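The values are calculated or read from the model by the stated rules, or taken from the named source; none is laboratory data. Source: prediction; values computed, not measured. No Cβ is skipped: glycine too gets one built from the backbone with ideal geometry, and neighbour counts run over all protein chains shown.
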Amino acid sequence: MKKLFFAVVLLLAGTVVFAQKGKVTSAIAFKDAGKLDKAWETIKETLDPANEKAAKTVNWTGTWQARGEILEAIALTKDENFKKLVENPVEEAYKSYMKAIELDEKGGNAGLKIKLLGFTNTLINQAIEAFQANNFAKATDYFEKKLELDKTSMFKADAILDTAIMYNTGLAAMNAKLFDKAIKYFTECTKHGYNGGSSYAQIISAYQQLGDTVKSVAIMKQAFEKYPDDQSIIVQLINYYIMSNKPDEAIAYLDKAIAKEPENSSYYLAKGVALDKLGRQDDAIEVYKKATTVKVDNADAYYNIGVIYFNRGVKQFEVANLVPTSDQAKFEVEKNKSDDEFRKAVPFLEKAVQYNPKDTYINDQLKNLYYRLKMMDKFDAMNKK
């Protein structure tokens, strides 16, 4: 009789387990039928700590897989009533699938792997939607979850590194101002040669946002060594050296940039600025003229040439003012030298006004120059505009 008693107990225990797993099957059936509210209530029963029978399914991989599937369906439904069933269903689905992977000790659940492949697409699509809605922190989180799934026992054997998603994760993090996280993912991209100099450019920008100039410049140089033909990297180096008042270094990179893009007028303009800072005004003028040859309407280049001549006129006028008042003849000689420089500035400032007529500052400078040189016809004409 004792043997019979134990057999009955074992049979009843198996029946309880079967019944509980049957509830999981029912939950999935409700989900497939579009009855997400019933699916959700049913799957919760199989994991409810207050339900003694739930002990039979709480550590079963199938239960957590089913929970993940139902939550994923809730996340994707268009029915607003179903959407209210769970807060953050994507997050909860991710946790459920991760728990299912953890409980799948043998790693042989092919059905789970198929569901996870579908869920990775859900994560990517949800990330894209969040990005387009300017919710960059959420987009970053969803992209990261996809990458974390790739690292699990279910997928790591496939050894497929999704560098495109890494790059997109970095972009989302940059927009979310999560700069340390952005650096992490873009650095991974550079290790695998993904997106060339663009990944480096993003790292440089992130360090600049963090105020870490030392690391930013170090990455610039590292990027330039690896991608010497990438103009975006060269431009960043040029801008850094110009802003740091290091014109010699800027010119070195500008020459490399010009060699790659000889028809880019902005490079000549920048080189002219650097030469001017070095006191090499004659060289600067020639480079500015080259900028206007490449781009005829480069108002900035014309203006900068005019400023050089104007400044020379000012300095020469200071020389004239040092002449003793008793020597009027010498004063006139020195003053005429000053006026000669001012006259040289006129045609270039006129070109600057011609190509940038809305700049009131340049207009005022030209008017003042006309008045100074007693070019009253032109002065009056400008005043009538």
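Residues in segment 47-90 that are among the acidic types (Asp, Glu), touching a residue at least 40 places away in the same chain (Cβ under 8 Å) and assigned to a helix (DSSP H, G or I): Glu69, Glu72.
Yes/no matrix, rows are residues, columns are (1) in contact with a Ser or Thr (Cβ under 8 Å, 6 or more places away or on another chain); (2) surrounded by fewer than 16 Cβ atoms within 10 Å (Cβ to Cβ); (3) within 19 Å of Ala284 (Cα to Cα):
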site	(1), (2), (3)
Arg312	no, no, yes
Glu318	no, yes, no
Leu322	no, yes, no
Ala329	no, yes, no
Lys344	no, no, yes
Pro347	no, yes, yes
Pro357	no, yes, no
Gln365	no, no, no
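For segment 175-199, the set of residues classified as surrounded by fewer than 17 Cβ atoms within 10 Å (Cβ to Cβ), at pLDDT below 95 and part of a helix (DSSP H, G or I) consists of Lys191 only. Restricting attention to segment 119-129 and to residues that are of a type outside the set (Ser, Thr, Tyr) and touching a residue at least 24 places away in the same chain (Cβ under 8 Å), the residue that is farthest from Leu171 (Cα to Cα) turns out to be Phe119.
Residues that are over 17 Å from Ile362 (Cβ atoms), polar (S, T, N, Q), touching a helix residue (DSSP H, G or I) at 6+ places or on another chain (Cβ under 9 Å) and in contact (Cβ under 8 Å) with a residue 12 or more places away in the chain do occur in segment 275-291, at least one of them.
Only one entry in Ala157, Ala139 is at pLDDT 95 or above and not assigned by TED's automatic domain parsing to the domain that holds Gln236, namely Ala139. Per the conditions (1) in contact with a helix residue (DSSP H, G or I) (Cβ under 9 Å, 6 or more places away or on another chain); (2) more than 30 Å from Lys177 (Cβ to Cβ); (3) surrounded by fewer than 20 Cβ atoms within 10 Å (Cβ to Cβ), the sole criterion not satisfied by Leu147 is (2).
Let's see how each residue does on (1) assigned to a helix (DSSP H, G or I); (2) farther than 30 Å from Lys106 by Cβ:
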{"residue": "Lys138", "(1), (2)": "yes, yes"}
{"residue": "Tyr142", "(1), (2)": "yes, no"}
{"residue": "Lys146", "(1), (2)": "yes, no"}
{"residue": "Leu161", "(1), (2)": "no, no"}
{"residue": "Ala164", "(1), (2)": "yes, yes"}
{"residue": "Ala173", "(1), (2)": "yes, yes"}
{"residue": "Ile204", "(1), (2)": "yes, yes"}
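Residue-level analysis places Glu263 outside the set of residues that are surrounded by fewer than 18 Cβ atoms within 10 Å (Cβ to Cβ) and either hydrophobic (A, V, I, L, M, F, W, C) or over 29 Å from Phe224 (Cα atoms) (or both). Counting the residues of segment 218-271 that are aromatic (Phe, Trp, Tyr) and more than 26 Å from the chain's Cα centre (by Cα) gives 1.
Residues of segment 160-217 that are basic (Lys, Arg), without any contact (Cβ under 8 Å) to a residue 24 or more places away in the chain and under 20 Å from Asp150 (Cα atoms): Lys184, Lys191.
Of the residues screened, Thr122 is one that is over 19 Å from Lys184 (Cβ atoms), polar (S, T, N, Q) and surrounded by 12 or more Cβ atoms within 10 Å (Cβ to Cβ).
Taken over segment 326-385, the criterion of being charged (D, E, K, R) and within 11 Å of Phe310 (Cβ to Cβ) is satisfied by Glu341, Arg343, Lys344, Arg372. Checked against (1) under 32 Å from the mean Cα position of the chain (by Cα); (2) not in a helix (DSSP H, G or I), Glu105 meets all criteria but (1). Among residues of segment 345-374 that are in the same structural domain as Thr292 (by TED's automatic domain parsing) and without any contact (Cβ under 8 Å) to a residue 60 or more places away in the chain, none has a beta-carbon under 6 Å from a residue that is surrounded by 13 or more Cβ atoms within 10 Å (Cβ to Cβ) and part of a loop (DSSP other than H, G, I, E, B) at least six positions away or on a different chain.
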